[in-house]
Amino acid sequence: MLSIGLTGGIGSGKTMVAQRFAEHGVALIDTDQIAHSLTAAGGAAIPWIAEIFGASFITPDGALDRAQMRRLIFSDESAHQRLQDFLHPLILAECERATQTAQSPYLILSVPLLIELDSWKKRVERVLVVDCPLETQIARVMLRNGLTRDEILAIMSHQASREQRCAQADDVLCNDDTTSLTTLYEQVDELHKRYLNLASTHNICLNNA
């Protein structure tokens, strides 16, 4: 199955784009959702987080205290690396399971750190970047999540730059301040048509291999 890697910086609009593809019946695997599931109450990562980082990183209802963890990894790069090293294989394994059962002409794999991690890039045949200016990202996240500018910049420091993402993109969707939801969806709809054609060719090649 043809796999399209969907990525973009925080606040770029990846979620809206992913949802639009899903509305077309495209199989969608969202690594953010998988990570949230792993760190929700009863999630597979919770016992490990409590053991390694302490009970103060678990909320009263048994989920990861995201605000607490965010403060730690901003100040301690080694803590950020430990968390990634543990979660990454679990997310990969879940993606593999979901890929095996996906049923659609092509697959959208939504990965915030697709550009940064080779283990994700090698799993897709094509990279789609949702792009917008840095200040637009910051304004959206401040409004949506209530984070400060410094907190958002700290998150972005762990992500590829806008230029790095676009340099590795096969396709780019513009979602800046002038882009209406209708226009964004129109861009997705056009890409969906293109991906259906690519998927058809891809599947023919696989069958003849």
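The values are calculated or read from the model by the stated rules, or taken from the named source; none is laboratory data. Note that this is a predicted model, so its numbers are computed, not measured. So basically every Cβ, Gly included, is an ideal-geometry build from the backbone, and we count neighbours across all protein chains shown. Remember, those area values only see protein heavy atoms, side chains included, never the ligands or the DNA or RNA. Shrake-Rupley method; radii C 1.70, N 1.55, O 1.52, S 1.80 Å.
General remarks:
- Centre separation in Å (Cα based) which lies between the stretch 121-186 and the stretch 10-80: 19
- Under 15 Å, Cβ to Cβ, from Ala50 - net charge with Lys/Arg +1 and Asp/Glu -1: -1
- The stretch 102-209: translational diffusion in µm²/s, Stokes-Einstein, Kirkwood Rh over Cα pairs, 10 °C, 1.306 mPa s: 100
- Antiparallel bridges, percent of DSSP beta bridges restricted to the chain (to nearest 5): 5
- Amide H contacts of Ala63 (H built 1.01 Å from N, under 5 Å, at least 5 apart or other chain): Ala41
- Solvent-free Debye scattering, log10 I(q)/I(0), computed from the Cα coordinates of the stretch 45-92 at q = 0.18, 0.29 Å⁻¹: -0.52, -1.20
- Cα gyration tensor, the stretch 101-161 - rounded (a/c under 1.5), prolate or oblate: prolate
- Here the accessible area of the chain is 53 percent carbon and sulfur, with a 1.4 angstrom probe and all protein chains present.
- Here the sum of -39500 (n - 2.57) over DSSP H runs of 4 or more residues, divided by the residues of the chain, equals -17500 deg cm²/dmol at 222 nm, to the nearest 500.
- At a probe radius of 1.4 angstrom, the accessible area of the stretch 116-161 per residue rounds to 53 square angstrom.
- Farthest towards the positive end of the charge dipole of the stretch 110-209, among the residues Thr178, Met156, Pro112, is the Cα of Pro112, using unit charges on the Cβ of Lys, Arg, Asp and Glu.
- Whole-Hz Karplus values for the stretch 84-90 come out as 4, 4, 7, 6, 4, x, 5 Hz, taken residue by residue from phi with 6.51 cos²θ - 1.76 cosθ + 1.60 and θ = phi - 60°; glycine and proline positions read x.
- Summarising the amide proton neighbourhood of Tyr106: residues at separation of 5 or more, or on other chains, whose placed amide H is nearer than 5 Å comprise Ala27.
- Helix 134-145 axis, angle to the chain major axis (alpha carbon atoms, nearest 10°): 60
- Prolate/oblate/rounded label for the chain (Cα gyration tensor, a/c 1.5): oblate
- Simple label model, 7 Å out from Cα along Cβ direction - Arg66 to Arg194, nm: 3.1
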